[in-house]
Amino acid sequence: QVRLVESGGGLVQPGGSLRLSCAASGSIFMSNTMSWFRQAPGKQRELVAAASSIGTTNYADSVKGRFIISRDAAQNTVYLQMNSLKPEDTGVYYCNLNQLRRDFWGQGTQVTVSP
């Protein structure tokens, strides 16, 4: 089994920054992808950014140039540095680990961008 624990959410003003962290533990294989998704009220969960174990990354168009995803392989941890935050970035951010075609999810952390 895999356990994911997120941290780092909170309230920030527009233009501010936050850094999310997600620590994975349990049966983790060398080949996997760790991602961040978010879900705004009344909307579907959407992919924000993903980072594979071989170093590839991809981002939603709405966050390109503002967010950076990174991984610490030794610690099985993924980070999301969020800069120039906008009110539309508000939502619950979920950490995801995909391996062997199985998805594992964290409990989510709230990010609120508001004056």
(request) For residue 28, state whether it is surrounded by fewer than 19 Cβ atoms within 10 Å (Cβ to Cβ), farther than 18 Å from residue 1 by Cα and at pLDDT below 95. (result) no
(message) Restricting to region 69-91, give me the number of residues that are under 10 Å from the mean Cα position of the chain (by Cα), surrounded by fewer than 21 Cβ atoms within 10 Å (Cβ to Cβ) and over 13 Å from residue 52 (Cα atoms).
(response) 1
(message) Given (1) at pLDDT 95 or above; (2) closer than 16 Å to residue 72 by Cβ; (3) open to solvent by less than 60 Å² (accessible area, probe 1.4 Å), identify the lone condition not met by residue 19.
(response) (3)
(message) Give me the strands (runs of 3 or more DSSP E) completely within region 41-115, filtered to those with at least 2 residues that are more than 17 Å from residue 6 (Cβ to Cβ), of a type in the set (S, T, N, Q) and modelled with pLDDT of 95 or more, ordered by residue number.
(response) 57-59
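The values are calculated or read from the model by the stated rules, or taken from the named source; none is laboratory data. What you see is a predicted model, and the numbers here were worked out from it, not measured in a lab. Positions of Cβ are backbone-derived with ideal geometry, glycine not excepted, and every protein chain shown enters the neighbour counts. All accessible areas refer to the heavy atoms of the entire protein, side chains included, with ligands and DNA or RNA removed. Shrake-Rupley method; radii C 1.70, N 1.55, O 1.52, S 1.80 Å.
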